[in-house]
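A short worksheet on the structure shown next.
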Amino acid sequence: MTWEYLGYLASVFLVVSLMMTNVTKLRWFNLAGCICFTIYGTMISAWPVVLTNGLLALVNIYHLLKLAKSKD
C-alpha cells in the first residue's frame, strides 16, 4: 500500500464527517480521518500534518467523552 491511499482515505473520512447531522457520528468519522492523517503524516515525515491532526484527534476524543457522559 502506498501512503498516498491512506491520505485519500483520511480525506474521505473528513468529508463524510462534515455531511453528518448527528454530532456523535460526525466526531467518530472526523476522529477516524484525523487518525489516518496522523499516520499518513508520520509516514511521509509531514510534521505539521501530524501535529495538527494529532491535536484534532484529542479534541474529538474529548468531545466524544463529553457526549457519552451527558447521555448518562
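The values are calculated or read from the model by the stated rules, or taken from the named source; none is laboratory data. What you are looking at is a predicted structure, and each value in this text was computed from that prediction instead of being measured. A quick note on method: Cβ atoms are made from the backbone with ideal geometry, for glycine too, and the neighbour counts reach across all protein chains shown. The accessibility values were calculated without ligands, DNA or RNA, using every heavy atom of the protein model including side chains. Shrake-Rupley method; radii C 1.70, N 1.55, O 1.52, S 1.80 Å.
Key figures
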quantity	calculated
Selection from the range 14-47 of residues that are farther than 15 Å from His63 by Cα, part of a helix (DSSP H, G or I) and under 12 Å from the mean Cα position of the chain (by Cα)	Leu14, Val15, Val16, Gly33, Ile35, Cys36, Phe37, Thr38, Ile39, Tyr40
In the range 22-34, residue nearest to Val12 (Cα to Cα) [restricted to those that are open to solvent by 60 Å² or more (accessible area, probe 1.4 Å) and touching a residue at least 24 places away in the same chain (Cβ under 8 Å)]	Trp28
Test: residue in the range 48-62 that is in a helix (DSSP H, G or I), in contact with a Gly (Cβ under 9 Å, 6 or more places away or on another chain) and exposed (fewer than 11 other Cβ atoms within 10 Å of the Cβ)	yes
Filter pass, Ser11 being over 11 Å from the mean Cα position of the chain (by Cα) and either open to solvent by 30 Å² or more (accessible area, probe 1.4 Å) or among the hydrophobic types (A, V, I, L, M, F, W, C) (or both)	no
Boolean, Leu67 is within 13 Å of the chain's Cα centre (by Cα) and either modelled with pLDDT under 95 or in a helix (DSSP H, G or I) (or both)	no
